[in-house]
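Written below as C-alpha cells is the structure these notes are about.
Where a number appears in this text, it was derived from the coordinates with a stated rule and is not lab data. Since this is a predicted model, take the numbers as computed values, not measurements. All Cβ positions, glycine included, derive from the backbone under ideal geometry; neighbour counts span all protein chains shown.
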Amino acid sequence: MNIMVCVKQIPDTSEVKIDPETNTIVREGVPSVINPADEHAIEAAVHLVEEHGGKVTVMTMGPPQAEDVLRQGLAMGADEAILVSDRCFAASDTLATSYVLANAITHNNNFDLVLTGKQALDGDTAQVPPGIAEHLGIPQVTSAIGIEVEEDRLRVKRLLEEEFETVEVPMPVLISCSSQINEPRRPGIKAKLMAKRKEIKVWDHHSIEVESCLCGIEGSPTRVVRVFAPTFETDGERFEGEASDCALAVVNRLVESKII
Amino acid sequence: MDFSLTEDQTMIVDLVKQIGEDVLAPQASEIAERGEFPEENIELLREMDLFGIPVPEEYGGLDMGFLTWGLVGELLSYYCSTTGSIFGAHMLAQYPIMAHGTDEQKQKYLVPMTTGEHIGAFGLTEPNAGSDAGAVSTKAELRGDRYALNGTKVFISNAGPAQTYVILANLDPEKGTRGLTAFIVEKGTPGFEFGKDEKKMGWDALPNCELIFRDCEVPVENVLYRPGRGFRVAMDTLGVGRLGMAVGAVGLAQAAFDAAILYAQQREQFGKKIAEFQAIQFKLADMATEIELSRLMYQKAAWLKDEDEAFEKEAAMAKVYSSEMVSRVTSEAVQIHGGVGYTREFPVERYMREAKLFEIVEGTSEIQRGIIANRLLRENRI
C-alpha cells in the first residue's frame, strides 16, 4: 500500500505575527510544530504499512523550515519526505493549497491512500483534505477514528457529532484522521538521528507542473480581512469576607449568570 | 573553549526535557512514596534509546560520549531522581564491560544493556569492605573451567531488577587488592540469590539489595579483564561512577532550587513576597552559584574523559563538591519553604533526604579528598 501523508507545520504560539500587507501569518522565524492531528495521520499510515506492507511518504507545503515536520514524520517511520516549496505558493488559501498538494501527490507516482489530519489547529478550516480529494477526483472520508483493510477496500469508522459511522471505500481514497484514531508513537534518539540524516526531496512549481496563477495569493479567492490573537480578560470577580459568605455569593453569582 | 551543544546533543536534551515534563516529573513523588522500581520509566528510557549514549555504535550505542551522557543524567535526576539514579547505576555495569570486556563479552552483555533490555548492577561493597576495596572477602575459587563465588555484597543499586552484575571477588584475600577479580554474573545463576532490600532514609524506589553467593559457579570466560586485575576494573568504573554522582547531584539540586525560587515568589510574609527579602535572595544566589559551579565541574571531567585524558582527579573533585553542594542546596530549599518544606506535601523534604546519599556512595567525601590529595601530591612531587 502506497500512502501519502500530508502534514502541516503550525506556529507554536498564540502570539502569531501577521503580515499587515497580506493579512496572512508570517511563518519565517516563528517557532513551529507539527499540527497535532497530523501526527495521528502519520501514526495511522506507519501502522497500516507495518501491518500490510508498503511505503509511507510524508509531504508538506511550506517554507524551507517546514522540513522539521517532515523529519518528525521520518523519525516516526515514514520512508520518504517531500517538501513542496516555492515563493509563489506563499499566502495560498485552502483552495490553492489543496490544488498544489493534489498536483504534488499525482507527481509522486501511484498512491493508494492519502492521509491527513482532520484539520489544522491554526486555520481550523478542515477544508484542505476535502479540497485535495476533489482536485484528485477520488472519494474522501473525513474524521476517521479507525481504518481497517478489507482486501482491496478500506473500512473506515468516522466520528460524527453524536454517533459513529462505518463506511467502506475503494482505493485510492483520501482519509482525514481525527485525533482519537490512535496514540502517536514517540520516536527515540536513533530514529531521530536517522531522520535528521535522510534526504528530503524539494519540489517547486515547475517540478509539479502547477499554474502559478492558481496558487499563492493569486490563486486564492479567500481574502483575510483581519487576523488577531484573542485577548482574554484574566481579571476575575473578587469576593471578600468570611469563607461561607463568599461561597454563597459565588453560588448566587453563578446562578445569576445561568452557569449552574 | 566552547560551551555550546552540538545539534545532536540539543536534540537529545530536548527529547529528555519532553519526556521529563510529560512523563517523569508528574510521577516522581509518587514513585518515591510507593517505593517500587519504576519499570514503566525504564521502559520509556529503553524506547528512547537512552541507555547507549557513550557506547560505540558497533555495540548498538550512539557513541556520543560521557558529556552527553551527563547532560541526560542530570535532566533525568532533575525530573525524577529515582530514574536518574537507576540510569547512573546501570552504567556501573555497562562501563567496565565496555572498557575491559572482550568482543564476545560485549556482544553477549554490553549489547542488551545498551538497548536497555537488560539492566546492570555493580557489586563491590561488602559489610566490611567499601571504602577499603582491598578488604573484599567474597572469595573466588577456580574449579576446572569455572570459578566458584562465595560471599555477600551489600547496598547494591539496581539489584533485583538487574539482569547483569559485575561482581568483585578475591582470588586470594592474602593479596588484598592484587587478588581482586571482576566477574560478569547473570541473574538466575545457581547459587546467586538476593538478600534483604535495605530500608533507607530516602530513595525507597531504588533497590539497594544484598547479593548472596553460595558456591555460585561462573564460567572462566566471564572474568572481566584479567584474574587479579579487578582493582583496576573497579577503579575505572568508580571514576565514571563519580562522574555519575556529580551529574545526579546537580540534577537533584536544580530541582530543589527551582522549587525554592518558585515558592519564594509565591509566599507572602510581612506584606510582601519572601523573594523580596535580601535574606532569601542571598540564599537563592548562593544556591544557583554552587549549582552552576558543580555543573561546570562535571562537564569538564566528562569532557576530559571524552578526550581520553586522565579525568579521575576532576571526577573526584566534581563528586565531592557536588555531593556536599546538593546537601546544602536541598537543606536551604527546605528552609526557604519553612514549615511546609518539612511536610510531605512538598518534594523538597524528599530532596533533602535523598541528597545525603551523594556524600556517601561511590566513595565517601573523605575518600574523594584522599584521591584528590593523592593525585595532587603525585603531580607536585618535589
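Using the alpha carbons of the protein assembly as shown, what is the convex hull volume per residue in cubic angstrom, as a whole number?
Values: hull volume 145.0 nm³, N = 642.
Dividing the Cα hull volume of the protein assembly as shown by its residue count gives 226 Å³.
Summarise the partner chain shielding of A:186-198 as one whole number: the mean count of Cβ atoms from other chains within 10 Å of each residue's Cβ.
On the way: counts 8, 4, 8, 14, 7, 3, 7, 6, 0, 1, 3, 0, 0.
For this peptide, the per-residue mean of nearby foreign Cβ atoms is 5.
Just to be sure I understand: with springs between alpha-carbon atoms less than 10 Å apart, which residue in A:Gly53, A:Gly236, A:Gly77 has the highest mean-square fluctuation in the Gaussian network model of chain A?
Sorting by GNM fluctuation, first place goes to A:Gly236.
Pairs A:Lys190/B:Lys108; B:Lys175/B:Lys356; B:Lys106/B:Lys175; B:Lys106/B:Lys319; A:Lys190/B:Lys313; A:Lys192/B:Lys153: which are spaced more than 31 Å apart, C-alpha to C-alpha?
B:Lys175/B:Lys356; A:Lys190/B:Lys313; A:Lys192/B:Lys153
Cβ neighbours within 10 Å, averaged per peptide: list B:59-69, B:330-340 in order, most packed at the top.
On the way: B:59-69: 21.8, B:330-340: 20.0.
In decreasing order of mean packing, B:59-69, B:330-340 become B:59-69, B:330-340.
Rounded if a/c is under 1.5, else prolate if a/b is larger than b/c, else oblate: which is the stretch A:2-214, with a ≥ b ≥ c the root eigenvalues of its Cα gyration tensor? Before the final figure, lay out the partial values.
Details: a/c = 1.40, a/b = 1.29, b/c = 1.09.
In terms of gyration-tensor shape, rounded.
Pairing the Cα long axis of helix B:348-358 with the longest principal axis of chain B, what angle in degrees results, from 0 to 90 and rounded to the nearest 10?
Long axis of B:348-358 versus the principal axis of chain B: about 30 degrees.
Determine the distance separating the Cα centre of the stretch A:134-202 from the Cα centre of the stretch B:40-116; give it in Å without decimals.
36 Å
Relative to the longest principal axis of chain B, what angle (0 to 90°, nearest 10) does the C-alpha long axis of helix B:278-306 take?
Rounded to the nearest ten degrees, it is 30.
Report the label-to-label distance for A:Arg155 and A:Glu199 in nanometres (one decimal), using points 7 Å from each Cα along the Cα→Cβ vector.
4.2 nm
Rounded to the nearest 500, what is the 222 nm mean residue ellipticity of chain A from helices alone, with -39500 (n - 2.57) per DSSP H run of 4+ residues and division by all residues?
-8500 deg cm²/dmol
DSSP loop (so not H, G, I, E, B), at most 11 other Cβ within 10 Å: list which trypsin sites (Lys or Arg not before Pro) in the stretch B:261-305 pass both filters. Numbers along the way, then the final one.
Values: sites: B:Arg267, B:Lys272, B:Lys273, B:Lys283, B:Arg295, B:Lys300, B:Lys305; in loops: B:Arg267.
The qualifying sites: there are none.
Can you give me the relative contact order of chain B as a percent, contacts being Cα pairs under 8 Å and 6 or more apart? Mind showing how you got there, number by number?
Working: 731 pairs, mean separation 58.3, N = 382.
It comes to 15 percent, rounded to a whole number.
Report the gain in length on full extension from B:Ser131 to B:Lys196: 0.36 nm times residue separation, minus Cα-Cα distance, nm rounded to one decimal. Numbers along the way, then the final one.
Working: separation 65, 0.36 × 65 = 23.40 nm, distance 2.15 nm.
Full extension of this stretch gives 21.2 nm more.
Given 0.36 nm per residue, what is the gain on full extension from A:Thr125 to A:Lys55 after removing their alpha carbon distance, in nm? Please list the in-between numbers first.
Details: separation 70, 0.36 × 70 = 25.20 nm, distance 2.87 nm.
Between A:Thr125 and A:Lys55, full extension yields 22.3 nm more.
List, in order, the whole-Hz ³J(HN,Hα) value for each residue of the stretch B:35-41 obtained from phi through the Karplus relation with A = 6.51, B = -1.76, C = 1.60 and θ = phi - 60°; use x for Gly and Pro.
For the stretch B:35-41, the Karplus curve yields x, 10, 3, x, 3, 5, 5 Hz.
Output the 0 to 90 degree angle, nearest 10, between the alpha-carbon long axis of helix B:230-264 and the longest principal axis computed from the alpha carbons of chain B.
That helix lies at roughly 20 degrees to the long axis.
Label-point separation (nm) for B:Asp145 and A:Asn109, each offset 7 Å from Cα along Cα-to-Cβ?
5.3 nm
Scan the stretch B:191-248 for trypsin sites (Lys or Arg not before Pro) in coil per DSSP, keeping those whose Cβ has at most 11 other Cβ atoms within 10 Å, and list them by number. Please report the intermediate quantities before stating the final value.
Details: sites: B:Lys196, B:Lys199, B:Lys200, B:Arg214, B:Arg229, B:Arg232, B:Arg242; in loops: B:Lys199, B:Lys200, B:Arg229.
Answer in residue order: B:Lys199.
Take the Cβ-Cβ distance between A:Val225 and B:Ser4 as r, set R0 to 51 Å, and report the resulting FRET efficiency rounded to the nearest 0.05. If you can, show how the numbers build up before the last one.
Working: r = 44 Å, r/R0 = 0.86.
So the FRET efficiency works out to roughly 0.70.
Extending each Cα 7 Å along its Cβ direction at A:Arg87 and A:Val250, get the distance between those two points in nm, one decimal.
5.8 nm
Mind checking the stretch A:77-150 for GluC sites (Glu not before Pro) that DSSP puts in a loop (not H, G, I, E or B) and that have at most 12 other Cβ atoms within 10 Å? Show your work: numbers first, answer last.
Numbers: sites: A:Glu80, A:Glu134, A:Glu148, A:Glu150; in loops: none.
Taking the stretch A:77-150 and a limit of 12 other Cβ atoms within 10 Å, no loop GluC sites (Glu not before Pro) are found.
With both bridge residues required to lie in chain A, what share of the DSSP beta bridges run antiparallel, to the nearest 5%? Write out the running numbers ahead of the final one.
Numbers: 17 of 43 bridges.
Roughly 40 percent of the DSSP beta bridges within chain A come out antiparallel.
Can you give the FRET efficiency for A:Ile18 and A:Glu162, using 1/(1 + (r/R0)^6), R0 = 45 Å, r = Cβ-Cβ distance, to the nearest 0.05?
Details: r = 36 Å, r/R0 = 0.81.
Plugging the Cβ-Cβ distance into 1/(1 + (r/R0)^6) gives 0.80.
When chain A is modelled as a GNM with alpha-carbon springs shorter than 10 Å, which of A:Phe228, A:Phe239, A:Phe111 fluctuates the most?
Judging by the Gaussian network model, the answer is A:Phe239.
Using alpha carbon centroids, what distance separates the stretch B:301-350 and the stretch B:119-145, in Å?
If you average the Cα positions of each part, the centres end up 29 Å apart.
Label 7 Å along Cα→Cβ of B:Val220; the stretch B:86-114 residues with amide nitrogen under 20 Å?
Answer for this model: B:101-106.
Between exposed trypsin sites (Lys or Arg not before Pro) in chain A, where DSSP calls loop and at most 12 other Cβ atoms lie within 10 Å, what's the longest gap?
Values: sites that count: A:Arg223, A:Arg226, A:Arg238, A:Lys258.
Free of exposed loop sites, the longest segment is A:1-222.
If each residue of separation counts as 0.36 nm, what is the full-extension length gain between B:Thr102 and B:Arg378 once their alpha-carbon separation is subtracted?
On the way: separation 276, 0.36 × 276 = 99.36 nm, distance 3.21 nm.
Full extension of this stretch gives 96.1 nm more.
Considering only DSSP beta bridges whose two residues both sit in the stretch A:1-150, what percent are antiparallel, to the nearest 5? Don't jump to the answer; show the numbers that get you there.
Working: 4 of 19 bridges.
Counting DSSP beta bridges with both partners in the stretch A:1-150, the antiparallel share is about 20 percent.
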